[in-house]
Amino acid sequence: MKKFISMMLSAILALCVFSPVFAAYTDADSSASYYESAIRLQDLGIINGYDDNTFRAGNQITRAEFTKIVICMMDEDTAAKSSSSTSSFYDVAQGRWFAPYVNYAVQKKILSGYSDGSFGPDKTISYGEALTILMRVLGYDETNVGYYWPDNYVTAATSLGITGDMNYNAYVPLSRGTAAILVDNALFAKPSSGSGTAVTKAGNSSVQQTNAAAQQMSTLEAQQGYASQSSASSADTYLETIGYTVLDDALVLDIDGNNTSILAGNLKLNNAATYISKTQMTTSEGSVYKHAVIDRDGYLVTYKNYDSSKKEIYSLTVVANKLTDNTLEYTSTQGLKGTFKFEDSFVTYYDNSKQTYAAAKQHITAGTDVTFYGNSYGAWSIAVIGSENDIDPVRATKNYSDDADSLEGTPINKSNLIVYRDGKAAELGDIRINDVVYYNTKSNTMEVYSKKVTGVYYSASPSKAYVESVTVGGKSYEIGYSAATGKLDASSGAYKIGDKVTLLLGKNDKIVFAIDNNSDFDYFSYGVLLSTSSRVATEGDNEGNTENIASVFMTDGQTYDIVTAKDYKSIIGNFVNISYDNGVAVLTSQRISDKGAFAGEIDLNQRTINGKYVLKDAAIIQRTSDDDAAVASCELLDFDNLTAKTLEDIQVINGVTANSFGDIAILYVKNLENTYNYGVISGFERIKVGDEKQTVGYKIYSDGQSTSYALNTVGGIRTSIGSAVGYKTNGGQLSKLVALTKIGSASSIRAVEGSRIMLGSEIYKMDANVKIVNITNTDNMQSITVDELDALKNITSVTLYSDKAKNDGGIVRVVTVVTGK
């Protein structure tokens, strides 16, 4: 039997789960040594138990009972009952239930009676007698086993693996549980040549099974090259001699409804095949078995596990943390961190498809589970990328704590649980009400998404009856889960156009739930008004009429165009509360009576400002435009990455607390954090923007290259080539450009190292990401490192630039140098 690796890929072993033909035994302990053997023999129709659905593993088994089991093992039950053989034993009378089985077994020369002419049908069979019968079924007799009974048979059976870990005296009575183990092991043992008709494998091509049983096997034979032969010499298991197909090293890649996908044999070379399953045995994606058994009709009927000490396929399931080029940084399901470097040609399965890593890597993102398989641990042959489509999202209906035992009814495995919230490492207690959670129980990973959008349901596309996307808050969102469809389509109870709705967004910013947001604090009720405009509505209930539009910077860092009741131009730049009346937004400027309540020391470790706790979902909005700008601009700051040590009163514009504890939910500030990019002006040019020509264009040299920018705001700055600037961009254009302040200059450098530089007797602190540019040739500027600056010869001029004066705490952002010839 050639080896076929059956791997669980969504298409490799596709299981079609039928209603079980038999019910599981009511008295069988799933942890007992005999349990899997008993279930497997029931799957194969060899042992069915008693009428009351019990197995009675401890009962001793008689010679008559064991004989019937063996005849069923040979798949000759019908032949035995139709045989006209007369009895050779005086105690096996015709008409007794066991008579046809005993007579047929004697005819096949697999058993004999006692010297007094009896068979002893009601006598308990011994361990040695049972092994002797099984060895004869496999085609072994005294000529190739030996003539010393029972020792030679016991020894031979042990060498074939039939006895497993058992080492009983040959004369002890056999229990039903032990009998199940012996018969089960014999089915997968190597038969002697000439024991029956073997079904062997002549190929290893992939085959997709059909639902019709007869057509399944003909397809299997035609495409995979299964052929019937008269000799059993090529069969590795007894099952193959009676018409079964045995797939070795079977990996279950996917279970999808009635289909199971299996990859068997050579992990690198083979493809998966899909089968309909009749087995009672429970399995899961990623499971690896020593054997998977396919019957004559092409159905998957059972599995057999590896012996614990002889496993031939190893696996490692990990959760992706970061993928850089071809190197995967991961955390294993045991909580251990590691890396794996892929070759572009590495065999990788995704969504039931065999691919190369180069083709499949786009599906590996933070939180994705990846399982490696190979013939030895660490020497991986293939990778299987977990399918995201199999994991349904759930909505958190409460704030969770670290000691929670279940997630909306699903038990939580807290051993090495990995939680990501909005792409960052988190804990179970970080999950808040109305978060969207994808819980991958296989990799024990939770991906949590907190993004919510609240606004007026403006329009549905292509129609409300067949909704695929909706517009809320001036933006269009694609529906990504059926629960959202039922709330946004034309069905009874769904939201209507013009209703206020909160969208809960999951993976890829797709809508997974639509709700009335009745939580204690709604972040989407606040924002900063950036600008106002008007337009003629082209869709929605107001189509053809003029609408007032407010562009509002929201707490998620995005700008939304909201239809408003009037023009709010007079409050541009203000922090506003957003409410809704008859399907349009009403903006109300928020006033703050005590800015000092939010000002004070910033403690990142304690997550506090002035002793007030900053919520993990807190939004810190920084205004980047001037106070009197006709169009305001803002940016979102990350509290965990703030470099400022204090927040001054003058920097606070507004703030909102979320609860009775006074925890900070939103801060609106200015001049708190420097988020500029830095570089050197390398030229000026006329830049075309759309159909107009922008007269002010700047070329800025930074990080080894010059880039041309146009200003998307009115006016420029007075500067010159070789001067340092700070800038911000938006959509490829400059949204902010400022000239940096010279805080030091000299004709030489006295010392420089790490984060400090000395000119004359003055020491200056340098930014960790200081830009050092050699501007000797302004047509070919060069970026250099601190070490290269220290080694530079013939310096004739060095200039230090900062965003503020040195006495005001300014640190060096840009260093320019000129060298002589």
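Can you confirm whether the stretch 397-410 contains a residue that is touching a residue at least 60 places away in the same chain (Cβ under 8 Å) and β-branched (Val, Ile, Thr)?
Looking for residues that are touching a residue at least 60 places away in the same chain (Cβ under 8 Å) and β-branched (Val, Ile, Thr), one finds none in the stretch 397-410, hence no.
Exactly one of these conditions fails for Glu427: (1) surrounded by fewer than 21 Cβ atoms within 10 Å (Cβ to Cβ); (2) in contact with a Leu (Cβ under 6 Å, 6 or more places away or on another chain); (3) not hydrophobic (A, V, I, L, M, F, W, C). Give me its number.
(2)
Go through the stretch 620-662 and count every residue that is within 20 Å of Met554 (Cβ to Cβ), surrounded by 12 or more Cβ atoms within 10 Å (Cβ to Cβ) and at pLDDT 85 or above.
The number of residues fulfilling the criteria is 19.
Restricting attention to the stretch 756-775, which residues are surrounded by fewer than 19 Cβ atoms within 10 Å (Cβ to Cβ), assigned to a loop (DSSP other than H, G, I, E, B) and touching a strand residue (DSSP E or B) at 6+ places or on another chain (Cβ under 7 Å)? Quick ask: steps written out before the conclusion?
First, the residues of the stretch 756-775 that are surrounded by fewer than 19 Cβ atoms within 10 Å (Cβ to Cβ): 756, 758, 760-763, 765, 767-769.
Within this subset, residues satisfying the condition of being assigned to a loop (DSSP other than H, G, I, E, B) are 760-761.
The answer is Gly760, and nothing else.
How about the stretch 575-586: which of its residues are out of contact with any helix residue (DSSP H, G or I) (no Cβ under 6 Å at 6 or more places or on another chain), within 20 Å of Thr471 (Cα to Cα) and part of a strand (DSSP E or B)?
Ser579, Tyr580, Asp581, Val584, Ala585, Val586
What is the residue count in the stretch 348-359 for residues that are at pLDDT 90 or above and closer than 20 Å to Ala379 by Cβ?
Counting residues in the stretch 348-359 that are at pLDDT 90 or above and closer than 20 Å to Ala379 by Cβ gives 3.
Could you give me the residue pairs with C-beta distances under 6 Å whose first residue belongs to the stretch 488-516 and is under 17 Å from Ala585 (Cβ atoms), whose second residue is open to solvent by 30 Å² or more (accessible area, probe 1.4 Å) and in a strand (DSSP E or B) wherever it lies, and which are 6+ apart or on separate chains?
Qualifying pairs under 6 Å: Lys500/Tyr580; Thr502/Lys452.
So how many residues does the stretch 539-574 have that are closer than 27 Å to Pro462 by Cα, open to solvent by 30 Å² or more (accessible area, probe 1.4 Å), not in a loop (DSSP other than H, G, I, E, B) and not β-branched (Val, Ile, Thr)?
The qualifying residues number 2.
List every residue pair whose Cβ atoms sit under 7 Å apart, with the two residues 6 or more apart in sequence or on different chains, where the first one lies in the stretch 125-153 and is on the phi > 0 side of the Ramachandran plot and the second, anywhere, is open to solvent by 30 Å² or more (accessible area, probe 1.4 Å) and at pLDDT 90 or above.
Cβ pairs passing all conditions: Gly146/Asn152.
Regarding Leu504, is this residue touching a Leu at 6+ places or on another chain (Cβ under 8 Å), aliphatic (A, V, I, L, M) and crowded, with 19+ Cβ neighbours inside 10 Å?
no
Could you list, in sequence order, the residues of the stretch 601-611 that are touching a residue at least 12 places away in the same chain (Cβ under 8 Å), part of a strand (DSSP E or B) and surrounded by fewer than 17 Cβ atoms within 10 Å (Cβ to Cβ)?
Within the stretch 601-611, just Glu601 meets the criteria.
Looking only at residues in the stretch 248-263 that are open to solvent by less than 10 Å² (accessible area, probe 1.4 Å) and among the small types (Gly, Ala, Ser), which one is modelled with the highest pLDDT?
By that ranking, first place goes to Ala250.
Say whether the condition of being assigned to a strand (DSSP E or B) and either modelled with pLDDT of 90 or more or touching a Lys or Arg at 6+ places or on another chain (Cβ under 6 Å) (or both) is met by at least one residue in the stretch 591-599.
No, the conditions are met nowhere in the stretch 591-599.
Hey, any hits in the stretch 282-289 for a residue that's modelled with pLDDT of 80 or more, open to solvent by 10 Å² or more (accessible area, probe 1.4 Å), assigned to a strand (DSSP E or B) and under 15 Å from Ile313 (Cβ atoms)?
yes
Among the residues of the stretch 367-405, how many are open to solvent by 50 Å² or more (accessible area, probe 1.4 Å) and either under 21 Å from Val512 (Cβ atoms) or part of a strand (DSSP E or B) (or both)?
Matching residues across the stretch 367-405 total 10.
Test each condition in (1) without any contact (Cβ under 8 Å) to a residue 40 or more places away in the chain; (2) open to solvent by 50 Å² or more (accessible area, probe 1.4 Å) for Ser469 and report the one that comes out false.
(2)
Hey, among the residues in the stretch 66-97 that are touching a residue at least 40 places away in the same chain (Cβ under 8 Å) and either assigned to a helix (DSSP H, G or I) or more than 55 Å from the chain's Cα centre (by Cα) (or both), which one's surrounded by the fewest Cβ atoms within 10 Å (Cβ to Cβ)?
Quick first cut of the stretch 66-97, residues touching a residue at least 40 places away in the same chain (Cβ under 8 Å) only: 66-67, 69-70, 73-75.
Pick out the ones that are also either assigned to a helix (DSSP H, G or I) or more than 55 Å from the chain's Cα centre (by Cα) (or both) and you get 66-67, 69-70, 73.
Details: Phe66: 24, Thr67: 25, Ile69: 21, Val70: 24, Met73: 24.
Out of the qualifying residues, it is Ile69.
Out of Gly128, Gly139, report the one residue that is under 21 Å from Glu76 (Cα atoms), among the small types (Gly, Ala, Ser) and open to solvent by less than 40 Å² (accessible area, probe 1.4 Å).
Of the residues listed, the single one that is under 21 Å from Glu76 (Cα atoms), among the small types (Gly, Ala, Ser) and open to solvent by less than 40 Å² (accessible area, probe 1.4 Å) is Gly139.
From Pro121, Pro100, which residue is crowded, with 19+ Cβ neighbours inside 10 Å, free of Cβ contacts under 8 Å to residues at least 60 places away in the same chain and over 26 Å from Gly243 (Cβ atoms)?
After applying the criteria, what remains is Pro121.
Could you grab the pairs with beta carbons closer than 6 Å, sequence gap of 6+ or different chains, first residue in the stretch 277-289 and of a type outside the set (Gly, Ala, Ser), second one in a loop (DSSP other than H, G, I, E, B) and modelled with pLDDT under 80?
Note: pairs meeting the criteria are Lys278/Phe18; Gln280/Pro20; Glu285/Met8; Val288/Ile313.
Taking the stretch 477-533 only, how many residues are on the phi > 0 side of the Ramachandran plot and either part of a loop (DSSP other than H, G, I, E, B) or acidic (Asp, Glu) (or both)?
Looking only at that region, the number is 3.
Hey, among the residues in the stretch 587-599 that are more than 30 Å from Thr471 (Cβ to Cβ) and in contact with a strand residue (DSSP E or B) (Cβ under 6 Å, 6 or more places away or on another chain), which one's surrounded by the fewest Cβ atoms within 10 Å (Cβ to Cβ)?
Step by step, filter the stretch 587-599, then rank; the result is Ile592.
From the list Lys728, Lys693, which residue is open to solvent by less than 60 Å² (accessible area, probe 1.4 Å) and at pLDDT below 90?
From the options Lys728, Lys693, the qualifying one is Lys728.
Anything in the stretch 33-53 that is open to solvent by 40 Å² or more (accessible area, probe 1.4 Å) and either in a helix (DSSP H, G or I) or touching a helix residue (DSSP H, G or I) at 6+ places or on another chain (Cβ under 9 Å) (or both)? List them, or say none.
Ser33, Tyr35, Glu36, Asn48 - these are the residues of the stretch 33-53 that are open to solvent by 40 Å² or more (accessible area, probe 1.4 Å) and either in a helix (DSSP H, G or I) or touching a helix residue (DSSP H, G or I) at 6+ places or on another chain (Cβ under 9 Å) (or both).
Taking the condition of being of a type in the set (Lys, Arg) and not in a strand (DSSP E or B), how many residues in the stretch 406-440 meet it?
Residues flagged as of a type in the set (Lys, Arg) and not in a strand (DSSP E or B) within the stretch 406-440 amount to 2.
Can you find a residue that is open to solvent by less than 40 Å² (accessible area, probe 1.4 Å) and assigned to a strand (DSSP E or B) anywhere in the stretch 778-786? If you could, list the steps in order and put the result at the bottom.
Residues of the stretch 778-786 open to solvent by less than 40 Å² (accessible area, probe 1.4 Å): 781, 784, 786.
Those left that are additionally assigned to a strand (DSSP E or B): none.
The answer is no, given that none of the residues of the stretch 778-786 is open to solvent by less than 40 Å² (accessible area, probe 1.4 Å) and assigned to a strand (DSSP E or B).
At pLDDT below 90 and farther than 19 Å from Asn674 by Cβ: is that true of Asn712 in this structure?
Yes.
The values are calculated or read from the model by the stated rules, or taken from the named source; none is laboratory data. Computed from a predicted structure; not experimentally measured. Don't worry about glycine lacking a Cβ; one is built from the backbone with ideal geometry, like all the others, and counts go over all protein chains shown. Accessible surface is based on the protein model in full, side chains and every heavy atom, while ligands, DNA and RNA are left aside. Shrake-Rupley method; radii C 1.70, N 1.55, O 1.52, S 1.80 Å.
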